[in-house]
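Some notes on the structure that comes next.
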Amino acid sequence: MYLFSPIGLRTPSNRSFIINEIPRHFGYQPVRLDLPTISADDICQPGAIELVEIKPENGNVSVLELAILAKLIARFKPRRIFEFGTFDGRTTLNMAVNAPAATVYTLDLPRSDMNSTNLPVESADRTYIDKSASGRRFAGSEHGNRIVQLYGDSATFDYTPYAGNIDFIFVDGAHSFEYVSSDSAKALQMLAKDGVIAWHDYASWPGATKALNALYRAGLHLRWIEGTSLAVRVE
């Protein structure tokens with residue numbers, strides 16, 4: 001009842017659930033899902049992780065997704081991490097916590113630039129852009145000195161200092177086909193040898209899903225982690 005109420009419908013994640021999850025439950029998939037699946041156990045290794053700021057808010061990854069990202073970080077031990085889309089900084093902080101030797105770079109679009117983006121932005125994305133500050137969850141944290149907050153439009157940001165030397169990249173910025181395609185291309189340029197890229201919102205946002213399908217059909221080794229909206233590239 002809440003989902004279909006006027007209040008529930010105003011929440012982007014609820015609209016996404018109604019548009020995508022309910023039809024899929026009854027056998028209708030509005031966007032093709034081309035990526036082969038992989039279980040979290042296939043890609044994560046046993047070992048301890050630490051999760052902080054666990055309570056999710058609208059726009060955050062789920063607790064399961066947060067744990068899987070932390071497991072991937074613990075497994076691959078990156079020294080340089082780059083995140084597209086800071087939002088409130090919950091994922092940023094947890095990546096820093098589980099990579100104690102890493103520097104985490106996180107890029108977010110300022111609210112002042114919301115109406116002047118280089119590529120189309122989904123209307124639902126504006127909810128996550130329209131905030132007073134980025135990264136409030138890691139503000140004042142003991143791990144904050146290893147987190148570098150960057151600002152700008154990811155389509156026009158200068159990635160030259162990071163080219164070829166980022167070990168782990170998390171793509172969770174704007175969800176339009178154009179932005180996910182652009183962010184993915186930039187991620188591949190930044191990726192170090194044997195580096196890992198993870199994406200959020202596969203099978204959840206149509207634009208993100210179509211963009212990742214296109215990358216997979218172009219030959220990128222992508223897998224969709226069962227029970228989540230995470231996709232990964234691990235060579």
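Numbers for the structure displayed
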item	result
Filter pass, Tyr159 being open to solvent by less than 60 Å² (accessible area, probe 1.4 Å), touching a helix residue (DSSP H, G or I) at 6+ places or on another chain (Cβ under 7 Å) and of a type in the set (Phe, Trp, Tyr)	yes
Test set (1) assigned to a helix (DSSP H, G or I); (2) touching a residue at least 60 places away in the same chain (Cβ under 8 Å); (3) surrounded by fewer than 23 Cβ atoms within 10 Å (Cβ to Cβ) - Ser229 fails condition number	(1)
Output for the range 72-117, where each listed residue is open to solvent by less than 10 Å² (accessible area, probe 1.4 Å), of a type in the set (D, E, K, R) and in a strand (DSSP E or B)	Glu83
Filter result (open to solvent by less than 50 Å² (accessible area, probe 1.4 Å) and part of a loop (DSSP other than H, G, I, E, B)) within the range 162-183	Gly164, Asp172, Gly173, Ala174, His175, Ser176
Tally, over the range 32-64, of residues that are more than 22 Å from Leu188 (Cα to Cα), in contact (Cβ under 8 Å) with a residue 40 or more places away in the chain and not in a loop (DSSP other than H, G, I, E, B)	2
Output for the range 118-137, where each listed residue is part of a loop (DSSP other than H, G, I, E, B) and in contact (Cβ under 8 Å) with a residue 60 or more places away in the chain	Leu119, Glu122, Arg137
Test: residue in the range 8-31 that is modelled with pLDDT of 95 or more, over 19 Å from Gly195 (Cα atoms) and in a helix (DSSP H, G or I)	no
Residue pairs meeting the criteria (Cβ under 6 Å; at least 6 apart or on separate chains; first open to solvent by 20 Å² or more (accessible area, probe 1.4 Å), in the range 184-207; second outside any strand (DSSP E or B))	Lys186/Tyr159; Gln189/Ala163; Ser204/Ser16; Ser204/Ser229; Trp205/His175; Pro206/Val31
Criterion: farther than 22 Å from Ala211 by Cβ, open to solvent by less than 60 Å² (accessible area, probe 1.4 Å) and at pLDDT below 95 - qualifying residue of Gly140, Gly144	Gly144
Near pairs, Cβ below 7 angstrom, 6+ apart or cross-chain, from the range 85-103 (of a type in the set (Ser, Thr, Tyr)) to any residue that is open to solvent by 10 Å² or more (accessible area, probe 1.4 Å) and not in a loop (DSSP other than H, G, I, E, B)	Thr86/Asp108; Thr86/Gln149; Thr92/Ile147; Thr103/Arg80; Thr103/Arg146; Thr103/Val148
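The values are calculated or read from the model by the stated rules, or taken from the named source; none is laboratory data. It should be emphasised that the depicted structure is a prediction, and the values quoted were computed from it without experimental measurement. FYI the Cβ positions are ideal-geometry reconstructions off the backbone, even for glycines, and counts take in every protein chain you see. Only protein heavy atoms, including side chains, enter the accessible area calculation; ligands, DNA and RNA are left aside. Shrake-Rupley method; radii C 1.70, N 1.55, O 1.52, S 1.80 Å.
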